[in-house]
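A short worksheet on the structure shown next.
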Amino acid sequence: MSAEAWIMFAVFWAVFVTTPGPNAVNCITNGMTIGFRRALPGVAAILTQAALFLTLSALGVTALLTASPIGFQVAKLIGAGFLVYLGIRGWIMARTPVRMEERPAGSVYWRAFAIATINPKSVAGYLAAFSQFVQPDVPIWSQMWVIFPTALSLTALSYLGYTGLGAGLGRAALGAVFNVWLRRALACCFIIYGVLLGSTAAPVGRV
């Protein structure tokens, strides 16, 4: 990958991972309710999903999955239902006082992994990255030595930042009235993302 292509990819990826979406909302929520340190498994889950999707994209599997309308539709509806469920649950729990919960690390990890995996932004983003920035005349795995560390470093910085933001909001809002509305706003984001996911068409792209 040339220096110019790497810069373009890095800028694209920075925008891709910093644009608020379900992952960001989940990181903020985790930071608010369980604190920064206990929320770190959620960031690790997003990095796991990113590494998995990068590998699958390099192998062409992501493009193959999006070429199956039925498979995409089923996965889309399951993902939409999950996000709407999280939103409704968050709305109901919004009046519960914020406290540093003792959630198992495994629970934090697998919930974050599920949210990251069903996010339609992920499939579209990886397809865009591999269709626009990977050079077809250069062996893919030689380019992955540049793509992997760049993508994972930017992803980690972004979601660590969102988690830290949530932790700061949680400390500032403990016992505050506006905290209920903040948590309800985050819950509404999950519901909106779920509805949008349920109405999306399969992303088009090539690997």
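Descriptive notes on the structure:
- Surrounding net charge for Val43, when Lys and Arg each add one and Asp and Glu each subtract one, Cβ distance under 13 Å: +3
- Gain upon complete extension [Tyr85, Arg37; 0.36 nm per residue less C-alpha separation]: 14.7 nm
- Accessible carbon and sulfur surface of the stretch 1-41 relative to its total accessible area, %, 1.4 Å: 77
- Gain in span if fully extended, Ala105 to Thr150, counting 0.36 nm per residue against the direct Cα distance: 13.6 nm
- Fully extending the segment from Ile192 to Leu52, taken as 0.36 nm per residue of separation minus the present Cα-Cα distance, adds 47.8 nm.
- Label point distance in nm, Glu4-Trp181, each placed 7 Å from Cα along Cα→Cβ: 5.0
The values are calculated or read from the model by the stated rules, or taken from the named source; none is laboratory data. As the structure is a computational prediction, the values presented were derived from the model and not from experiment. Glycine also receives a Cβ, built like all others from the backbone with ideal geometry; neighbour counts cover every protein chain displayed. Protein only, heavy atoms only, side chains kept; ligands, DNA and RNA dropped before computing areas. Shrake-Rupley method; radii C 1.70, N 1.55, O 1.52, S 1.80 Å.
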